[in-house]
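Everything on this sheet refers to the single structure shown next.
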Amino acid sequence: MVGFSSDEHIVMLPMMAHGHLVPFLALAREIHQRKGFTITMASTPLNIQYLRSTAVSEIRLVELPFRSAEHGLPPDTENTENLPLDQLINIFRASESLEAPVRQLLSEIVEKEGRPPLCVVSDVFFGWAVRVAESMGTVNVTFATWGAYGNLAFISLWMNLPHRESESEEFTLPGLPDRIRFPISPLHQFLRMANGTDSWSRFFQPQISKSLRSLGCLCNTVEEVEPIALEWLRNYMKIPVWPIGPLLPSALLNKSSSSAGHFYKHRAGKQPGMSVEKCIKWLDLQKPDSVLYISFGSQNTISQAQMKALASGLEESGVLFIWVIRPPLGFDLRGEFKPEWLPDGFEERTREKKQGLLVKNWAPQLDILSHKSTGAFLSHCGWNSVTESLSQGVPIIGWPMAAEQAYNSKMLVEEMGVSVELTRGLQSEIRGEEVKEMIETVMGENGKGAEMRKKAAEVAERIKAAMNEEGEEKGSSIQALDN
Ligand code: UDP
């Protein structure tokens, strides 16, 4: 490792979305704690307010001026959260207006410290930051907050790379083994029709092209977990790609549940529907690997019909569960819980039989996944959920819904063998019978379930090894971070 002194300064620029702010914050803490560097994280006022609420006091937070009305956004909108899909592109476009304030921030640092910061770490969507960093006499490192498969699928999509398509509406990319096929999403079909002339491509293509001129790219994954996708990225991007993940709060790995819960409680300003203590106390009463944890992340929910089918299959299976339940599609997400979302009497029956816990809105996910009684995770395959689950050796039942989740799910099923896919998309029809069968298979002590748990445990070992800081031979993620 090159001997930098602890008075180095790094400036970080995350995209204004929770899925980006959180890994950026974790990266900032990781660098600060390991190297002692000063880290300045800059974003718009409301995002800075949110970052402040996470109680991470060691990171310097700086507000960049931003007026949502000037960008055709609803009042006080500075984050992708709760923004209707047809307005989403506006916030990405608006992020370009941060260029001038970032330039100003960097000049102030140069003036005060007599030299530029060591580097600028910017979101992969902030391609403009490469030029700004260079003009201030420093370098830019781009940070892709997803895993490598999600990253390559997105890059190939936005950059209109030639895809080889199969009849089953899947695509593969030159340079990837033929067996790796990605699903063609509605977004993909839309872009194909628009042929690069749509407002999405007009924003993302130039930003990603500019980001490819960074000094290198940080990726929130592990070398030994996604080797093929990382090799593809390196060949395509032609810059170093450093897999530095997974960026989990270190508290999780130390199994110190209270601080992990504290960190995540604030993720989207959400209040947990049940305390960490209560969840843990219930899990303590159960046998190892006997509980199914169900959650669809911080933004997604399912329809009422899907919820009923899921509940009936779950009840029929008799498998123990913790289910994070939130209002179904079409209902006010901040509204009160209504028993009619579920089959008649479901809540009472499962409570009496002590079959499970229904947690309203938000659960301490990390604490649940790291408990020995948790045997599988029914998940939408958001990247944070995936890495949290795998780091604890918990296999997955996938129900990808949006963004790059279907790509993550494919990788988990086909390349890693740690997941089975229940269904895909928000419109899909599921039947209680299918749910029951799949849950029984995965939670079974033998057969497929046992095999998945064994593979998930192996992946957890690889992740642990990648994050090892002890002894001569440091883990790959730690080495990548040092580099
Ligand atoms: N999460 C949580 N409790 C919940 C739901 C989600 O703590 O009830 C956390 C979870 O641990 C993860 C994040 O929220 O860190 C969800 O991120 P992910 O990338 O999985 O999905 P997204 O919410 O971005 O779709």
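The values are calculated or read from the model by the stated rules, or taken from the named source; none is laboratory data. The model shown is predicted, which means the values in this text are computed figures rather than measured ones. Cβ coordinates were reconstructed from backbone atoms using ideal geometry, including for glycine residues, and neighbour counts include every protein chain displayed.
May I ask you to verify whether ALA480 is more than 14 Å from the ligand (Cβ to nearest atom), out of contact with any strand residue (DSSP E or B) (no Cβ under 7 Å at 6 or more places or on another chain), hydrophobic (A, V, I, L, M, F, W, C) and part of a helix (DSSP H, G or I)? So ALA480 does not fit the description; no. If the condition is being within 16 Å of the ligand (Cβ to nearest atom), in contact with an Asp or Glu (Cβ under 9 Å, 6 or more places away or on another chain) and hydroxyl-bearing (Ser, Thr, Tyr), then the range 297-336 contributes only SER298.
Screening the range 1-20 for residues that are among the β-branched types (Val, Ile, Thr) and in contact (Cβ under 8 Å) with a residue 12 or more places away in the chain and picking the one that is farthest from SER68 (Cα to Cα) gives ILE10. All but one of (1) within 13 Å of the ligand (Cβ to nearest atom); (2) at pLDDT 95 or above; (3) not β-branched (Val, Ile, Thr); (4) not in a helix (DSSP H, G or I) hold for SER389; which doesn't? For SER389, the exception is condition (4). Considering (1) at pLDDT below 95; (2) surrounded by fewer than 19 Cβ atoms within 10 Å (Cβ to Cβ); (3) over 27 Å from GLY393 (Cβ atoms), the lone condition that ASP344 does not fulfil carries the number (1). I'm trying to understand the selection: among the residues of the range 398-440, which are in a helix (DSSP H, G or I), within 16 Å of the ligand (Cβ to nearest atom) and touching a strand residue (DSSP E or B) at 6+ places or on another chain (Cβ under 7 Å)? Once the filter is applied, which keeps residues that are in a helix (DSSP H, G or I), within 16 Å of the ligand (Cβ to nearest atom) and touching a strand residue (DSSP E or B) at 6+ places or on another chain (Cβ under 7 Å), the range 398-440 yields ALA406, TYR407, SER409, LEU412.
Just one of (1) in a helix (DSSP H, G or I); (2) at pLDDT below 95 fails for GLU231. It is (2). Here SER373, SER379 are screened, and the one residue that is small (Gly, Ala, Ser), within 14 Å of the ligand (Cβ to nearest atom) and in contact with a Ser or Thr (Cβ under 9 Å, 6 or more places away or on another chain) is SER379. Of all the criteria given as (1) more than 21 Å from the chain's Cα centre (by Cα); (2) under 20 Å from LYS308 (Cβ atoms); (3) among the polar types (S, T, N, Q), the one not satisfied by SER373 is (2).
With the requirement that a residue be part of a helix (DSSP H, G or I), over 29 Å from THR197 (Cβ atoms) and hydroxyl-bearing (Ser, Thr, Tyr), what does the range 117-163 give you? Hit for the range 117-163 is SER135, nothing else.
If the condition is being in contact with a strand residue (DSSP E or B) (Cβ under 9 Å, 6 or more places away or on another chain) and closer than 23 Å to PHE37 by Cα, then the range 57-81 contributes GLU58, ILE59, ARG60, LEU61, VAL62, GLU63, LEU64.
Applying the selection to the range 388-447, what residues are aliphatic (A, V, I, L, M) and closer than 18 Å to VAL459 by Cβ? Spell out how you get there, then give the answer.
Going residue by residue through the range 388-447, those that are aliphatic (A, V, I, L, M) are 390, 394, 396-397, 401-403, 406, 411-413, 416, 418, 420, 422, 426, 430, 435, 438-439, 442-443.
Within the range 388-447, LEU390, VAL394, ILE396, ILE397, MET411, LEU412, VAL413, MET416, VAL418, VAL420, VAL442 qualify.
Please go through the range 284-325 and pick out each residue that is assigned to a helix (DSSP H, G or I), over 21 Å from GLU340 (Cβ atoms) and among the acidic types (Asp, Glu).
Filtering the range 284-325 down to residues assigned to a helix (DSSP H, G or I) leaves 284, 304-317.
Of the ones still in play, those that are also over 21 Å from GLU340 (Cβ atoms) are 284, 317.
Passing the criteria: only ASP284.
Selection of the range 343-370 for residues being within 13 Å of the ligand (Cβ to nearest atom) and out of contact with any strand residue (DSSP E or B) (no Cβ under 9 Å at 6 or more places or on another chain) yields PRO364, LEU366, ASP367, SER370. For the range 21-113, the helices (runs of 4 or more DSSP H) that sit wholly inside it and include 2 or more residues that are within 30 Å of ARG334 (Cα to Cα) and in contact (Cβ under 8 Å) with a residue 40 or more places away in the chain are 45-53, 85-94.
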